[in-house]
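Worksheet: one structure, shown below.
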Amino acid sequence: MKVVVLGATGTTGQFVVEEALAKGYEVVAFVRRPGVLKERKGLTITQGSIEQQSEMRDCFTGADAVVSCLGARPSLRVFCKGTNLQQRTLPKIISAINDAKVSRFVLMSSFGSGETAEKSSWFLKIFLYHFVAKKLFDDKVMAEKSLSTCHANWTAVYPVTLTKDSAIPTSDLVTLNRVRQVPGIPRLPFANAAKSLVDLIPEKNRSGQRLLLTIPGGWR
Ligand SMILES: NC(=O)c1ccc[n+]([C@@H]2O[C@H](COP(=O)([O-])OP(=O)(O)OC[C@H]3O[C@@H](n4cnc5c(N)ncnc54)[C@H](OP(=O)(O)O)[C@@H]3O)[C@@H](O)[C@H]2O)c1
């Protein structure tokens, strides 16, 4: 299995690379800063731009799956002014996936974006999702409309807040339309998020699904 990871230099992305290598997958990290990653067996580090569809198409050709852990790095500027990173790049990523005839796409989104905010606790809804992170999330909502043009089997994952704590034994992955509420302020380790993203790669029966990713029992 050959898997291209976007955002491979990020916190989740680095865990995803490790997890995919541990499964014996051939991993290609398509990154703008190749020096961040350590070269090792099974990993190809390709420098390129997520703004350039043709560079991505060339990189994706021959791959079985693309996993995206891209995100605007949180900063005061992003929270105040917003970002259009996802709107600018996701349609190009999807076009490159279509051009390269990749059959599987796993996208990391965020719980709290768009209508998922309505399923969160009042504190997160008011403070975090409707105020602090609204502009970051609005970018994702707009961008994810382009998933309808994706020819690959795609799955979008909506993780709760992530932490650098050690991995916990399990996490819950559940289709968003089964979720009424996510109580409290659940926090899941990045390592668990990465494991779920990688586990989803061969699961083509998850095609077209939007999944909440949270702590065990962290939803009703
Ligand atoms: N952290 C959380 O609690 C959490 C929870 C739920 C969902 N999410 C979402 O999950 C995704 C990953 O989160 P994370 O915390 O792992 O992100 P992160 O550590 O901030 O990593 C972001 C990645 O995106 C890349 N990137 C950003 N702008 C880029 C650009 N213009 N060109 C190329 N690469 C670019 C970064 O590359 P560089 O290293 O080169 O900057 C990095 O690899 C994000 O969409 C985030 O919103 C995060």
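FYI, it's all coordinate maths here, none of it is from the lab. Values in this document were obtained by computation on a predicted structure and should not be read as measured data. Methodologically, a virtual Cβ is constructed for each residue, glycine included, from the backbone with ideal geometry; neighbour enumeration extends over all protein chains shown.
Listing for the model above:
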{"quantity": "Count of residues meeting criterion [crowded, with 20+ Cβ neighbours inside 10 Å and part of a helix (DSSP H, G or I)] in the stretch 68-104", "calculated": "7"}
{"quantity": "Filter result (within 15 Å of the ligand (Cβ to nearest atom), in contact (Cβ under 8 Å) with a residue 40 or more places away in the chain and among the aromatic types (Phe, Trp, Tyr)) within the stretch 1-43", "calculated": "15"}
{"quantity": "Residue within the stretch 91-108 that is within 15 Å of the ligand (Cβ to nearest atom) and among the hydroxyl-bearing types (Ser, Thr, Tyr) present", "calculated": "no"}
{"quantity": "Filter pass, residue 204 being exposed (fewer than 14 other Cβ atoms within 10 Å of the Cβ) and under 28 Å from residue 94 (Cβ atoms)", "calculated": "yes"}
{"quantity": "Pick from the stretch 110-144, criterion small (Gly, Ala, Ser), on the phi < 0 side of the Ramachandran plot and under 18 Å from the mean Cα position of the chain (by Cα), ranking: farthest from the ligand (Cβ to nearest atom)", "calculated": "117"}
{"quantity": "Subset of the stretch 44-67 (residues that are assigned to a loop (DSSP other than H, G, I, E, B) and within 13 Å of the ligand (Cβ to nearest atom))", "calculated": "48, 49, 50, 51, 52"}
{"quantity": "Candidate set: the stretch 69-83, residues that are without any contact (Cβ under 8 Å) to a residue 60 or more places away in the chain and of a type in the set (A, V, I, L, M, F, W, C); chosen: the one farthest from residue 144 (Cα to Cα)", "calculated": "76"}
{"quantity": "Criterion violated by residue 212 - all others in (1) assigned to a helix (DSSP H, G or I); (2) buried (at least 19 other Cβ atoms within 10 Å of the Cβ); (3) of a type in the set (A, V, I, L, M) satisfied", "calculated": "(1)"}
{"quantity": "Some residue of the stretch 175-187 being among the polar types (S, T, N, Q), touching a residue at least 12 places away in the same chain (Cβ under 8 Å) and surrounded by 13 or more Cβ atoms within 10 Å (Cβ to Cβ)", "calculated": "no"}
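Results for (1) within 20 Å of residue 86 (Cβ to Cβ); (2) hydrophobic (A, V, I, L, M, F, W, C); (3) free of Cβ contacts under 8 Å to residues at least 24 places away in the same chain, shown as yes or no for each residue.
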| position | (1), (2), (3) |
| --- | --- |
| 129 | yes, no, yes |
| 137 | yes, yes, no |
| 170 | no, no, no |
| 194 | yes, yes, no |
| 200 | yes, yes, no |
